[in-house]
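**Student:** Please read through the structure below; I'll follow up with questions.
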Amino acid sequence: MGDVLAGFHAAWEFESDSVLIRFERGIRTPKLFQALGERRVPHEAVAAVTVTPGRRGTVVLHAVPRPGADPLMDAAAGQLKEGADPYRLVLPAERATLAEYYADELRPLIGESGTGEPPDRYLVTAPEAPLHFKAYDGKAAFDGKAVSYRWSWTGASSAKWKAGDQKFPVADLNGVEWRSPELFEGHLRLLLRDNTQQPAQADQDPAAVVFGLGYGPVHESLPFAASVLAAVRSCGPVGAVPALHAPPGRRDPADIADRIRHLGELHQAGLVTDEEFLSKKAELLAEL
């Protein structure tokens, strides 16, 4: 057991070959941290270590992850808010000297891992299957070998109902696209390995589930996406992802009305600005 540095919501244990991050389970702890529980980050998975002033009398020790080392951060693709970044340890400002000490201890151990090519495998373990979550238009489940979707009769588009419930073996996948539920048109899309062209709109794509207010929250959908992504990568190298395309003709008016209602919910919740609401609503109406 190595030295332990405790901060807000997490404690870092410095071991000879890695940093073990244990997250608290308190009511104020971000739900993503609670879902992750703990993570072991090998030194070779870290690209850099920084110490910067934080908000309201705090200091932040940040182990910047190496690109391609952690499926969770690959899936997040820069969409996580600072407060939900599992690689940031927030400490009281009076512990800045201690944070600098551990940063100086870590830097020689990570060497030049962040300056070379991405690793050929994930170095940080992905969340373990089975995993599942409820999306706006269906339920998603992953058993470690295949992803399955069961459509909701109240939320799924007519295109998805016509396609029926779906099951995608990992071997048939080329990757995962996760768009945060905290953004408009949040979704989880499975990218297919057979170069099948997929609709640009996630609500029309049988390989995607759509998030919404209270559906597909970050702490459920992101670990899910990371687990699938790690399984896909373990099957071998992925190929180029085909461009998404908009389906020809006009969309079902019922689907448009449903998307506008969803947009209105996000607007009322303050997740979409007035300008974004009016602009996107106009785009949707133009598709009728």
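**Student:** In percent, what relative contact order does the chain have, based on Cα pairs under 8 Å that are 6 or more apart in sequence?
**Tutor:** 15 percent
**Student:** Would you kindly derive the ³J(HN,Hα) couplings of segment 146-157 from the backbone phi angles with the Karplus curve 6.51 cos²θ - 1.76 cosθ + 1.60 (θ = phi - 60°), listing them in order in whole Hz, with x for Gly and Pro?
**Tutor:** After applying 6.51 cos²θ - 1.76 cosθ + 1.60, I find 8, 9, 10, 10, 10, 6, 8, 6, 9, x, 6, 6 Hz.
**Student:** In sequence order, what are the phi-derived ³J(HN,Hα) couplings for segment 73-87 according to the Karplus relation 6.51 cos²θ - 1.76 cosθ + 1.60 with θ = phi - 60°, rounded to whole Hz, with x for glycine and proline?
**Tutor:** Karplus-based 3J(HN,Hα) across segment 73-87 equals 6, 5, 5, 5, 6, x, 8, 6, 6, 3, x, 10, 7, x, 9 Hz.
**Student:** Follow-up question, since we're still on this one. Take the alpha carbon atoms of segment 117-165, find their center, do the same for segment 12-82, and report the distance between the two centers in whole angstrom.
**Tutor:** Between the Cα centres of segment 117-165 and segment 12-82 lies a distance of 25 Å.
**Student:** In square nanometres and to one decimal, what's the mean projected area of the convex hull around the Cα atoms of the chain?
**Tutor:** 16.4 nm²
**Student:** Next question, about the same structure. Just in segment 1-81: which GluC sites (Glu not before Pro) are loop by DSSP and have at most 15 other Cβ atoms within 10 Å?
**Tutor:** Filter output for segment 1-81: GLU15.
**Student:** Averaging sequence separations of C-alpha pairs under 8 Å and six or more residues apart, then dividing by the length of segment 3-110, give the relative contact order as a whole percent.
**Tutor:** So the answer I get is 25 percent.
**Student:** Amide H neighbours of ALA146 under 5 Å, at least 5 residues apart or on other chains, H built in the peptide plane: list them.
**Tutor:** VAL170
**Student:** Considering amide H positions built from the backbone, and no H for Pro or chain starts, which residues 5 or more places from THR125, or on another chain, come under 5 Å of its amide H?
**Tutor:** The list, which skips near neighbours in sequence, is ARG40.
**Student:** Show me the trypsin sites (Lys or Arg not before Pro) within segment 115-159 that DSSP assigns to loop and that have at most 14 other Cβ atoms within 10 Å of their Cβ.
**Tutor:** Here the trypsin sites (Lys or Arg not before Pro) that fit, given the DSSP loop and packing criteria, are ARG121, LYS145.
**Student:** Need one word for segment 134-206: rounded, prolate or oblate. Basis is the Cα gyration tensor (sqrt eigenvalues a ≥ b ≥ c); a/c below 1.5 gives rounded, then a/b vs b/c decides.
**Tutor:** rounded
**Student:** If you don't mind, another one. Applying the Karplus parametrisation 6.51 cos²θ - 1.76 cosθ + 1.60 with θ = phi - 60° to the phi angles of segment 207-221, what ³J(HN,Hα) value in whole Hz is obtained for each residue in order, glycine and proline being reported as x?
**Tutor:** Using θ = phi - 60°, the values come out as 9, 9, 10, 9, 8, x, 4, x, 10, x, x, 3, 5, 9, 6 Hz.
**Student:** Any chance you could run the full-extension gain for THR97 through ALA77? It's 0.36 nm times the residue separation minus the Cα-Cα distance, nm to one decimal.
**Tutor:** The span from THR97 to ALA77 would gain 4.1 nm if fully extended.
**Student:** Please tell me the relative contact order of segment 76-153 in percent, rounded to the nearest whole number, where contacts are Cα pairs under 8 Å and at least six residues apart.
**Tutor:** It rounds to 14 percent for segment 76-153.
**Student:** Among THR50, THR29, THR154, determine the one that fluctuates most according to a GNM of the chain built with springs between C-alpha atoms less than 10 Å apart.
**Tutor:** THR154
**Student:** Quick one: putting +1 on the C-beta of Lys and Arg, -1 on the C-beta of Asp and Glu, what dipole do you get for the chain around its Cα centre, in Debye to the nearest 20?
**Tutor:** Charge dipole, the chain, about its Cα centre: 720 debye, nearest 20.
**Student:** Follow-up. For n ≥ 4 DSSP H runs only, could you compute -39500 (n - 2.57) per run for the chain, divide by its residues and tell me the 222 nm figure to the nearest 500?
**Tutor:** The per-residue figure over the chain is -8500 deg cm²/dmol.
**Student:** Please check: in the Gaussian network model of the chain (C-alpha springs, under 10 Å), which one of LEU213, LEU229, LEU190 has the largest mean-square fluctuation.
**Tutor:** Ranking LEU213, LEU229, LEU190 by mean-square fluctuation puts LEU213 first.
Each reported figure results from applying straightforward, stated rules to the coordinates on display, with no laboratory input. All of these numbers come straight from a predicted model, not from anything done at the bench. So basically every Cβ, Gly included, is an ideal-geometry build from the backbone, and we count neighbours across all protein chains shown.
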